[in-house]
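One structure is given below, encoded as structure tokens.
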Amino acid sequence: MTATLDRKRLEALLVGEEKRFHASHPRSYALYQRAKNSLHGGVPMLWMIRWAGSFPVFVKEAKGAHFSDVDGHTYIDFCLGDTGAMTGHAPEAAVKAIREQAQRGITLMLPTEDAIWVGEELQRRFGLQYWQFALTATDANRFALRMAREITQRKYVLVYNYCYHGSVDEALAGLDKNGMTGPRRGNLGPPVNPAETTKVIEFNDIPALESALAPGDVACVLAEPVMTNIGIIHPDPGYHDVLREITRKTGTLLIIDETHTICASPGGYTAAFGLKPDMLTLGKPLASGVPAAVYGFTQEVADRFWARLKLEDSDSGGVGGTLAGNALSIAVMKATLEHVLTPAMYEKGFKLANRYEAGVQAVIREFNLPWIVKRLGFRVEYWFREIPPHNGSEAAAAMDSELDRYMHLFALNRGILMTPFHNMALIAADTTEADVDHHTIVFREAVATLFA
């Protein structure tokens, strides 16, 4: 018989975990109160108000797959800066590169030889001819969209419902209850209604894709190869083949955002599954947490863009930035690609993800839960539903904020940090079997409190 959740029990248990968290984090609470006088919401970045506790944990230091807070607690970090620290915190190769490059200069708006090495390595990993640098994946996506519109002279961008590509205005769009494109829920101060710039369809919906691209007014499709921000949603078998076929037939450029899916292989999902995008964007872990991002494109895209570019306008066209391609970011990118994001690191991560997935699955079977586990490379998550979601709307409908918060807070109170907003774990270069097994134990304890 499938287990049934008692909502009143969950509510009472959550109150208990909140009290435990507050009692065991007095120093973090004191800093939070102090921070509210100078930092809006008591945090340096808006999203930090959404952590499972009633206030955020203040970090003292981090190394590898672990960190400690100002109250003396240590944690296994399965969030890893939501992929930014997928390399583990402060890997030695990156720290060495930071130290050495900082002594030689940080930013000059001139190239270094390291930039060529990084471009050649990205070319090898992803198969795209040319590369440019940015500081965030958001910027990389913005620049790629501008290039696509300039090349095609088309108005629209196509994205998937519940996608996430950073704070790109064109991607902060969604479908309303009538299936019409408009601002996504929570979109703060959009410059225009996204319906003026964007078409939105559901992931895996081929007829919708054909219909949206048929008029020939879409400059590009901006897509994660596997959706991740509303949870892991895999493409249907053959979907990417059809996506590539239709985009080519309609003269629409295809941009693949690998910022989260880089966990699939050293060359991301693109290399692992043989995708052939026109452009590719990537940020977050590229420089071990130092701000850095890239966007790459084919020879054809380069030729078409170059034909429309005027030298005197190259610094004022909305593509690039003063600090983009700075010497420090590139030096750390080189060290990260050469010594950290290696095939050996990925092989280890895949094995640990197998162990993590098996542990969670065993608990789900033991308690006969109507939950499932989803997996992408060494990224693993569990869902509070029996059937894998097929698109963003199905994933959103399965969300249970109260249960999600309880599972997060229960883990946090026992030394585990999960990726916020959904129950996702990412394996770092320094994660151990003991770390994974501790999560299985804590996960089982949480489930037992709810269903035993």
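The values are calculated or read from the model by the stated rules, or taken from the named source; none is laboratory data. Computed from a predicted structure; not experimentally measured. Virtual Cβ from ideal backbone geometry, glycine too; neighbours counted across all protein chains shown. The area values use the complete protein model at the heavy-atom level, side chains included, leaving out ligands, DNA and RNA. Shrake-Rupley method; radii C 1.70, N 1.55, O 1.52, S 1.80 Å.
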key: Residues (among the aromatic types (Phe, Trp, Tyr) and open to solvent by 20 Å² or more (accessible area, probe 1.4 Å)) located in the range 401-431   = Phe421
request  = Sort through Lys351, Lys249 and tell me the only one that's modelled with pLDDT of 95 or more, under 22 Å from the mean Cα position of the chain (by Cα) and surrounded by fewer than 22 Cβ atoms within 10 Å (Cβ to Cβ).
outcome  = Lys351
request  = Show the residue pairs that are 6+ apart or on different chains and have beta-carbon atoms under 7 Å apart, the first residue being within the range 435-452 and within 13 Å of Ala411 (Cα to Cα) and among the aromatic types (Phe, Trp, Tyr), the second being open to solvent by less than 10 Å² (accessible area, probe 1.4 Å) and assigned to a helix (DSSP H, G or I).
outcome  = Phe443/Val360; Phe443/Val363
task = Would you mention how many residues in the range 86-96 are among the aliphatic types (A, V, I, L, M) and open to solvent by less than 10 Å² (accessible area, probe 1.4 Å)?
result = 2
message = Given the condition of a type in the set (Val, Ile, Thr), closer than 20 Å to Cys79 by Cα and open to solvent by 50 Å² or more (accessible area, probe 1.4 Å), answer yes or no: does some residue in the range 432-451 qualify?
response = yes
request  = Residues that are under 28 Å from Ala344 (Cα atoms), hydrophobic (A, V, I, L, M, F, W, C) and touching a residue at least 40 places away in the same chain (Cβ under 8 Å): find the strands (runs of 3 or more DSSP E) completely inside the range 200-290 holding 2 or more of those.
outcome  = 279-282
inquiry  = Pull out all pairs, ordered by first then second residue, where Cβ-Cβ is under 8 Å, the residues are six or more apart or on different chains, the first lies in the range 394-417 and is over 26 Å from Asp435 (Cα atoms) and at pLDDT below 95, and the second is open to solvent by 10 Å² or more (accessible area, probe 1.4 Å) and of a type in the set (Lys, Arg).
reply    = Ala398/Arg385
ask   = Quick check: anything in the range 43-52 over 24 Å from the mean Cα position of the chain (by Cα) and either over 30 Å from Gly349 (Cβ atoms) or surrounded by 15 or more Cβ atoms within 10 Å (Cβ to Cβ) (or both)?
value = no
query = How many residues, within the range 169-200, are loosely packed, with under 12 Cβ neighbours inside 10 Å, of a type outside the set (Val, Ile, Thr) and closer than 17 Å to Arg146 by Cβ?
reply = 1
query = On the given criteria, is Arg244 more than 18 Å from Gly377 (Cβ to Cβ) and either among the acidic types (Asp, Glu) or open to solvent by 40 Å² or more (accessible area, probe 1.4 Å) (or both)?
reply = no
